[in-house]
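Presented below is the structure to which this report refers.
The values are calculated or read from the model by the stated rules, or taken from the named source; none is laboratory data. These numbers come from a predicted model, not from an experiment. Here the Cβ positions follow ideal geometry from the backbone for every residue, glycine too, while neighbour counts run over all protein chains shown.
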Amino acid sequence: MIKSSIPLQFSHLGIAYAGWAEPSKERHEDGLPKSYAVVLNGTFFGNFFCDRGKWIIDRHRPYELVLAAGERLSDWLIAAMRAFA
């Protein structure tokens, strides 16, 4: 289903962020990727995992920024699932 990079763009605390999320090749039973490698403003931000509806990350990053990036990722995934339904 999702095999290409996911564009991410948002503003947080007055700072514009742009980048992408690269889905892992490992998949859950429903076909969705198990994680997403996120790059923001040219810097590797970390690997995002969704756990019971909440985004977690494997690096120490500001919680509010993780939430903002996770929300954009969720928005894209929801839109993609609707398009494939």
inquiry  = Can you say whether G31 is assigned to a loop (DSSP other than H, G, I, E, B) and touching a residue at least 12 places away in the same chain (Cβ under 8 Å), as far as the supplied structure shows?
reply    = yes
task = Can you tell me which residue within the stretch 1-36, out of those that are polar (S, T, N, Q) and touching a strand residue (DSSP E or B) at 6+ places or on another chain (Cβ under 6 Å), is farthest from S74 (Cα to Cα)?
result = S24
query = Name the residues in the stretch 47-61 that are touching a strand residue (DSSP E or B) at 6+ places or on another chain (Cβ under 9 Å) and part of a loop (DSSP other than H, G, I, E, B), would you?
reply = D58, R59, H60, R61
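Kindly provide the set of residues from the stretch 1-55 that are among the small types (G, A, S) and modelled with pLDDT of 90 or more, ordered by number. Let's see the steps before the verdict.
Here is the first cut: in the stretch 1-55, the ones among the small types (G, A, S) are 4-5, 11, 14, 16, 18-19, 21, 24, 31, 35, 37, 42, 46, 53.
S5, S11, G14, A16, A18, G19, A21, S24, S35, A37, G42, G46, listed by residue number.
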